[in-house]
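Here the structure comes first, spelled out in structure tokens, and everything after it is commentary.
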Amino acid sequence: MLNSGVLIYLQLLLTIVMGLYFWNLLRSQETQKIAVSRESKKEIERLRHLRGIRLTEPLSEKTRPSTLEEVIGQDDGIKALKAALCGPNPQHVLIYGPPGVGKTAAARLVLEVAKGSSQSPFAKDAKFIEMDATIARFDERGIADPLIGSVHDPIYQGAGAMGVAGIPQPKPGAVTKAHGGILFLDEIGELHPVQMNKLLKVLEDRKVFLESAYYSQEDTNIPEHIHDIFQNGLPADFRLVGATTRLPEDISPALRSRCLEVFFRALSPEEVGRIAEGAARKAGVDIDPRAVEMVKRYADNGRDAVNLVQMASGLITVEGRKAIELGDIEWIIAQGHHSPRPTPCIHSEPLVGAALGLAVYGPGMACVIDVECQVVQDVEGRRGEVIITGIIEEEEMGKGTHILRRKSMVMSSVENVRTALTSVAGIRPYACDIHVNFPGGTPVDGPSAGLAIAASVYSAITKTPLDPKTAFTGEVSIRGEVRPVGGVDQKLEAAREAGLERAFIPKANWQDRYSLFPVKVIPVADLGQVLDGMAMS
């Protein structure tokens, strides 16, 4: 009887102790919840205060195009984008072009056009997901991948209630967020190779499969939707629009093969001037026409023009003036150490040994380059030497013990020209010391500069003056054939902007529409035709 009473007493004591323990635990949880709620309210108030602080809208945002008509100078590029994205079967697209010419704005606006088409598969709520490839970094352990998606495994901090239960949690990336719409990857040429390979797989499968060592198909604790994700993948049926300032040869061939390629061109000085005038209007200030002319000389693209106007607008506001004057732009250019646009040295009279070439120096960007040549004829007892200045004469490739040293392609072009002129023109370039110079530090594409080099060398040896309004582009073989080159459209546009009258191009590059071009385009198949055409000028 006594033992039974002691047992009851102990049970009662144990019940009281356990009750006090759980009561204290509940009180602690409630206190913690109150503390968390109080801290959360403070943070919410702080966030509301921060969101209530707003500066004025930057001029770059005010001038952002809201319609396709406001995207200046890219009519052909926009037409190509519409053809790629607005039909019943939209394609993946790569947009090449210099910075600040409207690639992102055009892609966003073209999607809106596609959404309004009855033939387009893009729904009215199709999303435009924008991401910069330079910051689309991923964790090698697979913890985070903002582009493709990742799995938050239970062992990582912050896994939450599912993590405590040992459940892996898939996190969708940008490719899934863009499902049914467009994923715009800016500077896609900078994407990490691993990310590029993952992206190519997604483009092929149109879904994302995620993996986790913590996932088991037989685990009944895992929710049905997570089973579905691991077994069937996350949907990722979108259209990729990648933008880059790189040249096509710098982009992964595997990516290029899956995309249509669209080229946005560099803006002309007149188009840059229009952007500057529009920026001044939206800034609520006047701008002197002479100031606009200075902006046209120093701004390479629309973003540069807007930045100059914005700086000038702030300057005159501080000084209490209403109009941007020439002196304001000059002061900003001096303070910012801006460089003027490269301009060719076009002579007013024909000169011996001075030719004009056409070169591509970026996606959608070309310019007129100067090629000048001097010769010392009839060197005796030796083979004539070649000196090239203005470019790199030799380059080294590779690292460590595996180094390949090769001559520059321009040196190869000069040597090809010497051989070709010997047989085609009947002159003796190997009996001369030849100095070819590319003044001004302008970019030179070795093969395509061959025709301009040939004209310059021939002129210097024969003392034949060259027409200062004629430009040349084309690769010259040792047999005197003129072979096709790239970027002819951009080169002809550069010739037009420079005020040239004629341009020799390879016959293989000829298109019928060139006959309507303001510059007279002369297609040639061999060096003999070029020399005959030069004599007729």
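The values are calculated or read from the model by the stated rules, or taken from the named source; none is laboratory data. This structure is a prediction, so every number in the text was calculated from the model and none was measured. Here the Cβ is made from the backbone with ideal geometry for all residues, glycine too, and neighbour counts use every protein chain on show.
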Where a residue in region 330-350 is under 13 Å from residue 297 (Cα atoms) and its partner, wherever it lies, is aromatic (Phe, Trp, Tyr), with Cβ under 8 Å and at least six apart: 333/298; 338/298; 339/298; 340/298; 341/298
Residue, surrounded by the most Cβ atoms within 10 Å (Cβ to Cβ), within region 464-482, restricted to residues that are in contact with a Gly (Cβ under 7 Å, 6 or more places away or on another chain) and either of a type in the set (D, E, K, R) or closer than 20 Å to residue 367 by Cβ (or both): 473
Count of region 33-65 residues which are under 30 Å from residue 274 (Cβ atoms), assigned to a helix (DSSP H, G or I) and either among the hydrophobic types (A, V, I, L, M, F, W, C) or in contact with a Pro (Cβ under 7 Å, 6 or more places away or on another chain) (or both): 1
Filtered residues of region 329-354 (kept if surrounded by 13 or more Cβ atoms within 10 Å (Cβ to Cβ), more than 24 Å from the chain's Cα centre (by Cα) and of a type in the set (D, E, K, R)): 330
Test for residue 59: is it buried (at least 16 other Cβ atoms within 10 Å of the Cβ), outside the structural domain of residue 307 (by TED's automatic domain parsing) and touching a Lys or Arg at 6+ places or on another chain (Cβ under 8 Å): yes
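How many residues are in a helix (DSSP H, G or I) and among the hydroxyl-bearing types (Ser, Thr, Tyr) when one looks only at region 104-136? Before the answer, list the steps.
From region 104-136, those in a helix (DSSP H, G or I) are 104-115, 133-135; that's our starting set.
After this cut, where a residue has to be among the hydroxyl-bearing types (Ser, Thr, Tyr) as well, the list is 104, 134.
The qualifying residues number 2.
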Condition check for residue 413: closer than 25 Å to residue 468 by Cα, among the hydroxyl-bearing types (Ser, Thr, Tyr), at pLDDT 85 or above and not in a strand (DSSP E or B): yes
Any chance residue 494 is touching a Cys at 6+ places or on another chain (Cβ under 9 Å) and either assigned by TED's automatic domain parsing to the domain that holds residue 466 or crowded, with 21+ Cβ neighbours inside 10 Å (or both): yes
Selected residue (criterion: nearest to residue 130 (Cα to Cα)) from residues of region 219-241 that are modelled with pLDDT of 90 or more and in a loop (DSSP other than H, G, I, E, B): 238
Of all residues in region 242-256 being buried (at least 20 other Cβ atoms within 10 Å of the Cβ) and assigned to a loop (DSSP other than H, G, I, E, B), the one that is farthest from the chain's Cα centre (by Cα): 251
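Specify the residue that is nearest to residue 306 (Cα to Cα); the eligible residues are those in region 257-285 that are in contact with a Leu (Cβ under 8 Å, 6 or more places away or on another chain) and surrounded by fewer than 20 Cβ atoms within 10 Å (Cβ to Cβ).
Step one: list which residues in region 257-285 are in contact with a Leu (Cβ under 8 Å, 6 or more places away or on another chain), which gives 258-262, 275-276, 279, 282-283.
Imposing the further condition that a residue be surrounded by fewer than 20 Cβ atoms within 10 Å (Cβ to Cβ) reduces the set to 258, 260-261, 282.
Details: 258: 35, 260: 31, 261: 28, 282: 10 Å.
Of everything passing the filter in region 257-285, 282 is nearest to residue 306 (Cα to Cα).
Provide a single number: the residues in region 454-484 that are free of Cβ contacts under 8 Å to residues at least 60 places away in the same chain and closer than 10 Å to residue 371 by Cβ.
Within region 454-484, the subset free of Cβ contacts under 8 Å to residues at least 60 places away in the same chain is 462, 474, 479, 481-484.
In the following step, the residues that additionally are closer than 10 Å to residue 371 by Cβ were identified as none.
Within region 454-484, residues that are free of Cβ contacts under 8 Å to residues at least 60 places away in the same chain and closer than 10 Å to residue 371 by Cβ number 0.
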Of all residues making up region 286-300, the number that are in contact with a helix residue (DSSP H, G or I) (Cβ under 7 Å, 6 or more places away or on another chain) and either buried (at least 18 other Cβ atoms within 10 Å of the Cβ) or touching a residue at least 60 places away in the same chain (Cβ under 8 Å) (or both): 8
